[in-house]
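Read through the structure below, which is laid out as structure tokens, and then see the notes.
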Amino acid sequence: MGKKVAEQLVGMLADAGVKRIYAVTGDSLNEVNDAVRKNGEIEWVHVRHEETGAFAAGAEAQLTGRLACCAGSSGPGHVHLINGVYDAHRSGAPVLVIASACPSTEFGTEYFQETDTIKLFDDCSYYNEMAVTPKQLPRMLQGAMQAAISEKGVGVIGLPGDLAAKEAVEIETAMNPFKTAPETKPDRQVLEKLASFLNRAQKVTLYCGIGAKDAHTELVELSKKLNAPVAYTFKSKMEIQYDNPNEVGLTGLLGMPSGYFSMQEAEILLLLGTDFPYANFMPENNIIVQIDTKAERIGRRAKVDMGICGDVKDTLEALLPLIEQKKDNSFLKEQLSRYKSVKKNLESYIKEQGSIDRIHPEYVAAVIDSLAADDAIFTVDTGMSCVWGARYLHATGKRKMLGSFNHGSMANAMPQAIGAAFAYPGREVIAICGDGGISMLLGDLATIVQYKLPIKIIVFNNRALGMVKLEMEVAGLPDWQTDMYNPDFFLIAKAMGMEGFTISHPDEVVSVLPKALASEGPVLVNVMTDPNALAMPPKIELGQMIGFAQSMFKLMINGRTKEVIDTINSNFHHWKEVL
């Protein structure tokens with residue numbers, strides 16, 4: 001017998017530049033596993049949960065821009081993959097999913113572990129097909145890889161176990177994907193109209209998303225010509241913030257008043273490569289211009305007056321010669337002054353370090369920022385960990401930060417750190433995890449140890465689902481079922497075979513964290529943070545204030561007065577901002 005279909009598949013992956021497959025082997029996936037062993041060019045990464053594998057593949061793809069791969073065997077393996085696959089797809093990560101399936105002769109019979117992969121993955125992929133003959137496989141695989149790379153998302157190839165073992169058929173068609181990067185910009189007439197808008201306006205603000213990550217030089221030059229403040233999304237912070245004299249921070253749920261008001265008070269808001277999802281943070285009474293490569297995104301979040309389909313870098317390069325230098329910089333100075341005050345307020349939280357088992361998380365995040373390498377890769381869990389990352393981790397031009405920014409899944413930080421560590425073995429990788437997040441996929445600490453990945457895991461252990469608690473409180477609900485019983489993460493780290501530390505006293509932060517980050521292998525640091533620390537958004541509605549007061553009253557009448565007092569004492573800076 002000649003080459004098997006599984007061997008053909010692995011060979012095509014290797015030729016396409018895939019470095020590893022994140023998976024749990026078994027049953028219908030075993031032929032692919034064996035083909036990886038024979039091939040020798042691709043590494044099989046044995047994760048403990050397929051969701052971890054999908055998150056890791058998505059992280060690798062986002063950081064490198066290359067095709068990454070994860071796999072799951074029929075039935076439960078597919079279902080376990082789905083959350084991480086959703087995250088990869090919504091993050092624009094080129095990921096190939098190998099969904100091995102039950103024998104093709106058993107399709108439609110409710111066979112053991114049978115899953116309809118077409119229905120299952122249809123909402124989180126650009127390509128999703130099931131091969132059933134040897135002649136189909138190479139063409140379908142080519143299509144799945146090409147879709148993932150070109151459209152920046154997920155391609156799924158279904159592979160029945162019996163097909164994987166059959167003899168491969170060589171066909172006359174492309175066997176490798178082509179990375180395409182066409183130049184996309186509007187025509188001269190559209191550019192001239194946009195330039196006319198911008199040249200006439202006195203107050204212009206740029207709001208930048210991850211779609212502007214390659215246009216840092218151009219957007220900084222544009223902001224200087226227009227005397228325009230630059231706000232940005234959390235996802236694009238590391239790409240936009242550095243060496244940017246006009247930056248004024250983020251807006252949104254994790255943002256700052258300076259970013260919010262610079263957008264609200266502008267005559268023209270220029271949206272550059274952002275699909276920011278929170279419409280209630282968008283202004284309603286000014287002119288909005290949106291530039292995006294995907295035309296279907298234009299106008300779906302805000303009342304856009306001018307929509308332009310184009311790559312941000314290509315468009316700004318063509319636009320800049322048409323922009324006149326503005327002389328009036330009063331709007332910019334006002335916003336920068338506001339941003340200066342915001343940063344000063346953030347620093348006040350750092351000075352208040354907390355107490356035993358109630359360490360202020362802001363202080364911990366600031367220390368991490370000061371100790372981390374200039375090219376560190378951060379991953380942040382969804383929830384309060386995102387808040388501290390958004391406000392206290394700073395860009396250098398070399399740092400990267402990953403999170404579940406679009407899908408908003410818990411438990412993403414540790415798995416994404418696995419993908420980051422594999423992609424860049426020489427760089428510092430720091431996972432900022434919530435206690436709720438790390439608990440969900442705790443088993444994959446063993447994956448980190450098994451592959452000797454020098455990941456530094458910092459657990460912000462506030463013994464609660466902190467963001468959910470805040471959501472309930474501003475809605476006027478007393479927090480309920482948000483408290484967490486946690487194991488001793490230090491002991492778990494030791495049991496897994498990695499170095500572990502616990503920080504209970506604020507004084508230990510500056511003595512333990514340097515030691516942890518300097519360690520050669522994987523490390524887990526369990527930091528006992530204040531469960532009552534809040535993170536107020538830049539835009540505080542009257543209803544939220546009333547709701548919060550109502551929730552505090554309900555806690556008091558239910559005998560939780562001490563908790564109310566602790567919350568007030570822990571967040572007195574916030575009260576000064578609001579009042």
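The values are calculated or read from the model by the stated rules, or taken from the named source; none is laboratory data. This is a predicted model, so every value here is computed, not measured. Cβ: placed from backbone, ideal geometry, glycine included. Neighbour counts: every protein chain shown.
I need the full set of residues from the stretch 404-424 which are closer than 15 Å to ARG48 by Cβ and not in a helix (DSSP H, G or I), in order please.
If the condition is that a residue be closer than 15 Å to ARG48 by Cβ and not in a helix (DSSP H, G or I), then ALA411 is the only one that fits.
Taking the conditions exactly as written (in the same structural domain as ASN227 (by TED's automatic domain parsing), among the basic types (Lys, Arg) and more than 22 Å from SER262 (Cα to Cα)), does LYS313 satisfy them or not?
Taking the combined requirement at face value, the residue satisfies it.
Please find, within the stretch 53-67, the residue that is surrounded by the most Cβ atoms within 10 Å (Cβ to Cβ) out of those that are in contact with a Phe, Trp or Tyr (Cβ under 6 Å, 6 or more places away or on another chain) and under 12 Å from MET414 (Cα atoms).
GLY53
Being touching a residue at least 24 places away in the same chain (Cβ under 8 Å) and surrounded by fewer than 20 Cβ atoms within 10 Å (Cβ to Cβ) is the requirement here; does GLY408 meet it?
yes
If THR502 meets every condition in (1) more than 25 Å from ARG427 (Cβ to Cβ); (2) in contact with a helix residue (DSSP H, G or I) (Cβ under 8 Å, 6 or more places away or on another chain); (3) surrounded by fewer than 17 Cβ atoms within 10 Å (Cβ to Cβ) apart from one, which number is that one?
Exception for THR502: condition (3).
Within the stretch 390-401, is even one residue outside the structural domain of VAL47 (by TED's automatic domain parsing), over 14 Å from the mean Cα position of the chain (by Cα) and part of a helix (DSSP H, G or I)?
yes
Restricting the search to the stretch 155-188, which residues are exposed (fewer than 12 other Cβ atoms within 10 Å of the Cβ) and in a loop (DSSP other than H, G, I, E, B)?
Passing the criteria: GLU172, THR173, PHE178, THR180, ALA181, PRO182, GLU183, ASP187.
Please determine, by comparing only the residues of the stretch 278-305 that are within 23 Å of PRO182 (Cα to Cα) and of a type outside the set (Val, Ile, Thr), which one is surrounded by the fewest Cβ atoms within 10 Å (Cβ to Cβ).
Top of the filtered list is GLU296.
So LYS313 clears everything in (1) in a helix (DSSP H, G or I); (2) over 24 Å from SER91 (Cβ atoms) except one condition, right? Which one?
Every condition holds for LYS313 apart from (2).
Which pairs do you get when a residue that is more than 14 Å from SER223 (Cα to Cα), found in the stretch 314-325, comes within reach of a residue that is at pLDDT below 95 and not acidic (Asp, Glu), reach meaning Cβ atoms under 7 angstrom, with the pair 6+ apart or on two chains?
So the pair list comes out as ASP314/THR184; ASP314/LYS185; THR315/LYS185; THR315/PRO186; ALA318/LYS185.
Counting only residues that are within 12 Å of ALA212 (Cα to Cα) and either without any contact (Cβ under 8 Å) to a residue 40 or more places away in the chain or not assigned by TED's automatic domain parsing to the domain that holds ALA215 (or both), how many does the stretch 269-289 have?
Residues flagged as within 12 Å of ALA212 (Cα to Cα) and either without any contact (Cβ under 8 Å) to a residue 40 or more places away in the chain or not assigned by TED's automatic domain parsing to the domain that holds ALA215 (or both) within the stretch 269-289 amount to 0.
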